[in-house]
Amino acid sequence: MFRFIIRRLLMAIPVIFLVVLATFVLVHAMPGGPFDAVGMRAMPEHIRVVLERRYGLDKPLYQQFFSYVWNLLQGDFGPMFRQPSQTVNDIIAQTFPVSIQLGTLSVIVAFTLGIPFGIIAALNHNTAIDYSATFLAVIGRSIPSVVLGPILIYVFAVELDWLPIAFWGADPPFALGVFPKITKQFWTHAILPVFSLGTGMAAGIARLTRAGLLEVLSSDYIRTARAKGLRERVVIVIHALKNSLIPVVTTLGPMLAAIMTGAFITETIFAINGMGRRFVNSIGQREYFLQTSLVLIYGVLLIMGNLLVDIMYAWFDPRIRYD
Amino acid sequence: MTADKKLDEIKNETESQYGKGRSPMQDAFREFRRNIIGVAGAIFIVLVVVGAFIAPVLTPYDFAQQNLLNNRQKPMESYVITTDYAEEHCHWYGTPMEWGCTVYIAGSDALGRDLWSRLVYGARVSLAVAISASSVSLLIGLIYGTIAGFAGGRTDNLMMRIVDFLYAIPRLPIIIMMTVYFKALARRGVTTGFMGSIISLNKASGGLLFVFIAIGALNWIGMARQARGQVLAYKEKEFVEAARAIGAGSGHIITKHLIPNVIGPLLIIESMAIPGYIFLEAALSFIGLGVDPPTPSWGAMINEGYAGIRSNPHLVLFPGAALTLLTLAFNFMGDGLRDAFDTRLRGRK
């Protein structure tokens, strides 16, 4: 197992390198540069030249790329053009923990909602309970976060006025870099974005749990377990559940991607100062270093997520061996 | 050719002896028809498609027609308008449905554009994305996967390594960067060469082409994996061996034996991916990277409306409801199709 992890991590290096290279080329290929304008006016030519030399933008592209990679290896993500008082490292240190908090809470919500729903539906197969749970799950899957976010805001923040409309309830610095101070303010701000991100995932998990459990419940070893006279609860919880969760685990990788997708939208809707919103906001600007670095982080996250899925796969199903 | 003739002969012989059988396809459709919710989804989609086609008839106004005197009107509230204006701009003026020109059926947006007209035309964007993205991804994925699976060996290995690589890259940020790149080039007004022709095509489609390219470019990889898996499963089956034994070439085997078997499941998988494409278009439009204004897209409409959600919730709720209903219909239909075509599940109910 250990060797498998090492091998996968080594294989990830060229992938990450190519992703960074592609993004770097793509951002630099865009017409225009970061210093073309001051507000609405064009930047005077001589100032633009000086600024570009200051950030090394006048050098050939391959030199810029290698110095960027060299700096990356030393943990330096590069400067910001529009906010010279901050570096990309600062921006990431502020926004990354927020995104992680949002994503983690959403996944927790998704699992705590989705798995029980799926189990209840499967145990009451082809009854009214099953149909309504399945129906709810389809609806949950069909509401895009672009729609769910504004609707939640409208109902719970505007009309009922129970929860705050926007922003995240905790600011950096965080304990250990990621853990927020748990206050009432944190929770009230977190509820709406977390649910708007987690509902779709919960629906997907519920569907997979139901399908997996139905599949397992009709298998021979469950019949054996029942024939032995085990209580139904033991049969379900100890014998059936673990195997039925295997398909759920497989979706964790795509789910990580979904969290990213959702985070772009959800963070924008709720004006949360996370990585996704930062990325979206930098679209129109030519923040070469910020954009490349954020894509790099997303790439690393995705690879780690997929690796985690494979590891959990082996843990859930001991027949799977990677060596 | 000879293989075809021989197969036809055998087929005719069996049919004359045992009567015409029902194909698995017919069985599946029979099954699907029994699924009320799935059929309802399919009917709804057909209705939306028809509505998108006859959009000019269904809409009182041009979707881009601004009327700043009457902006942010509530739905079904009558408003004052000069006869000249109505005569000039309203399609329904003077018809029995004249009320369409003194009332905004679904209200009007911040620029005084008729929201109903924009909703109806917005269906065109979502449907176009659903159809084009799924057919592009199916086509590329099918070809790529079939070649990889059929060729096997080194070619297969290499082709699948490429897919693995594409799988590991963060798609959404890359799609966003690509769209930004296209848009930046378009704004520069590049008119020469290959990019120039693409940009003018994009302009003609209201900015849709870039969305297609961005969505289609990276979504075929899942389909390629599925297609390869299916081809691998069928490649060693007896009927392929039989076809080879009577002298059929690779092309014949692929087109006549493998693809007909493979395409069914792939269509189902693709139909279940459609909501994802619709979401993606809405998301891109929401952050301002989708279609070009004034082409209406539901995602872009939500973006325009949500800043004023306190006073004008209808500007968000209507496009949101439209988006949700359409994806709901696609999900119901996809689930129904999967249940009908998945022979393992059939008869278990």
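The values are calculated or read from the model by the stated rules, or taken from the named source; none is laboratory data. These numbers were taken from a predicted model, which means no experiment stands behind them. All Cβ positions, glycine included, derive from the backbone under ideal geometry; neighbour counts span all protein chains shown.
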Assuming B:Val231 fulfils every condition listed in (1) hydrophobic (A, V, I, L, M, F, W, C); (2) farther than 27 Å from B:Ala42 by Cα; (3) within 14 Å of chain A (Cβ to nearest Cβ) apart from one, which condition is it? (3)
Every residue from region B:297-349 that is farther than 20 Å from B:Ile274 by Cβ, in contact with a Phe, Trp or Tyr (Cβ under 6 Å, 6 or more places away or on another chain) and at pLDDT 85 or above: B:Asn303, B:Pro313, B:Val316
Pairs where the first residue, in region B:254-267, is touching a residue at least 40 places away in the same chain (Cβ under 8 Å) and the second is surrounded by fewer than 16 Cβ atoms within 10 Å (Cβ to Cβ), C-beta under 9 Å, 6+ apart: B:Lys256/B:Asp4; B:Val262/B:Ala233; B:Gly264/B:Pro24; B:Gly264/B:Met25; B:Pro265/B:Asp342
Residue check, B:Ala106 outside any helix (DSSP H, G or I) and either at pLDDT 80 or above or within 28 Å of the chain's Cα centre (by Cα) (or both): yes
Has region B:202-211 got any residue that is within 26 Å of the chain's Cα centre (by Cα), within 12 Å of chain A (Cβ to nearest Cβ) and part of a helix (DSSP H, G or I)? no
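One line per residue, one yes/no per condition, for (1) buried (at least 21 other Cβ atoms within 10 Å of the Cβ); (2) more than 8 Å from chain A (Cβ to nearest Cβ); (3) within 22 Å of B:Ala106 (Cα to Cα); (4) out of contact with any Leu (no Cβ under 6 Å at 6 or more places or on another chain):
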residue	(1), (2), (3), (4)
B:Met301	yes, yes, yes, yes
B:Ser311	no, yes, yes, yes
B:Val316	yes, no, yes, yes
B:Leu326	yes, yes, yes, yes
B:Phe332	yes, no, no, yes
B:Leu337	yes, yes, no, yes
Tell me which residues, restricted to region B:145-184, are more than 26 Å from the chain's Cα centre (by Cα) and among the hydroxyl-bearing types (Ser, Thr, Tyr). B:Thr155
Note on region A:14-47: residues facing another protein chain (nearest Cβ under 10 Å) and either in contact (Cβ under 8 Å) with a residue 60 or more places away in the chain or under 15 Å from A:Arg82 (Cα atoms) (or both) are A:Val15, A:Ile16, A:Val19, A:Thr23, A:Val27, A:Met30, A:Gly32
Just to be sure before I move on: is B:Val180 in a helix (DSSP H, G or I), crowded, with 18+ Cβ neighbours inside 10 Å, at pLDDT 85 or above and within 14 Å of chain A (Cβ to nearest Cβ) in the structure I sent? no
State whether the residues of region A:302-313 include one that is in contact (Cβ under 8 Å) with a residue 40 or more places away in the chain and closer than 30 Å to A:Leu61 by Cβ. yes
Just name the residue that is surrounded by the most Cβ atoms within 10 Å (Cβ to Cβ) out of those in region A:215-243 that are more than 14 Å from every other protein chain (Cβ to nearest Cβ) and in contact (Cβ under 8 Å) with a residue 60 or more places away in the chain. A:Ile236
Residues satisfying the stated conditions in region A:36-49, i.e. surrounded by fewer than 12 Cβ atoms within 10 Å (Cβ to Cβ) and not in a loop (DSSP other than H, G, I, E, B): A:Val38, A:Arg41, A:Ala42, A:Glu45, A:His46, A:Ile47
Within region A:161-190, the residues that are within 13 Å of A:Ile272 (Cα to Cα) and not aromatic (Phe, Trp, Tyr) are A:Pro164, A:Ile165, A:Ala166, A:Gly169, A:Ala170, A:Asp171, A:Pro172, A:His189, A:Ala190
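Looking only at region A:68-85, decide whether some residue is farther than 17 Å from A:Leu290 by Cα, exposed (fewer than 12 other Cβ atoms within 10 Å of the Cβ) and within 32 Å of the chain's Cα centre (by Cα).
No, there is no match, as no residue in region A:68-85 is farther than 17 Å from A:Leu290 by Cα, exposed (fewer than 12 other Cβ atoms within 10 Å of the Cβ) and within 32 Å of the chain's Cα centre (by Cα).
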B:Ile174: passes all of (1) surrounded by fewer than 18 Cβ atoms within 10 Å (Cβ to Cβ); (2) within 14 Å of chain A (Cβ to nearest Cβ) but (1)
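Yes or no, residue by residue, for (1) surrounded by fewer than 17 Cβ atoms within 10 Å (Cβ to Cβ); (2) within 14 Å of chain A (Cβ to nearest Cβ); (3) on the phi < 0 side of the Ramachandran plot; (4) at pLDDT 85 or above:
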| site | (1), (2), (3), (4) |
| --- | --- |
| B:Ile221 | no, yes, yes, yes |
| B:Gly247 | yes, no, no, no |
| B:Ser250 | yes, no, yes, no |
| B:Pro260 | yes, no, yes, no |
| B:Pro275 | no, yes, yes, yes |
| B:Ile278 | no, yes, yes, yes |
| B:Ala282 | no, yes, yes, yes |
| B:Leu289 | no, yes, yes, no |
| B:Thr295 | no, no, yes, no |
Looking at region A:72-103 only, could you name the residues that are touching a helix residue (DSSP H, G or I) at 6+ places or on another chain (Cβ under 9 Å) and free of Cβ contacts under 8 Å to residues at least 40 places away in the same chain? A:Gly75, A:Asp76, A:Gln83, A:Gln86, A:Thr87, A:Asn89
Give all pairs with beta carbons closer than 9 Å in which a residue from region A:192-214 that is within 16 Å of A:Ile236 (Cα to Cα) meets a residue that is of a type in the set (D, E, K, R) and outside any helix (DSSP H, G or I); count only pairs at least 6 apart in sequence or on separate chains. A:Leu214/B:Arg348
Every listed condition ((1) touching a residue at least 60 places away in the same chain (Cβ under 8 Å); (2) closer than 21 Å to A:Trp315 by Cβ) holds for A:Pro247 save (1)
From the options B:Arg72, B:Arg30, B:Arg34, residue that is at pLDDT 75 or above and on the phi > 0 side of the Ramachandran plot: B:Arg72
Condition met for A:Ser132 (within 14 Å of another protein chain (Cβ to nearest Cβ), part of a helix (DSSP H, G or I) and over 25 Å from B:Thr327 (Cα atoms)): no
Of the residues in region A:139-182, those that are of a type in the set (Val, Ile, Thr), surrounded by fewer than 20 Cβ atoms within 10 Å (Cβ to Cβ) and touching a residue at least 12 places away in the same chain (Cβ under 8 Å) number 3
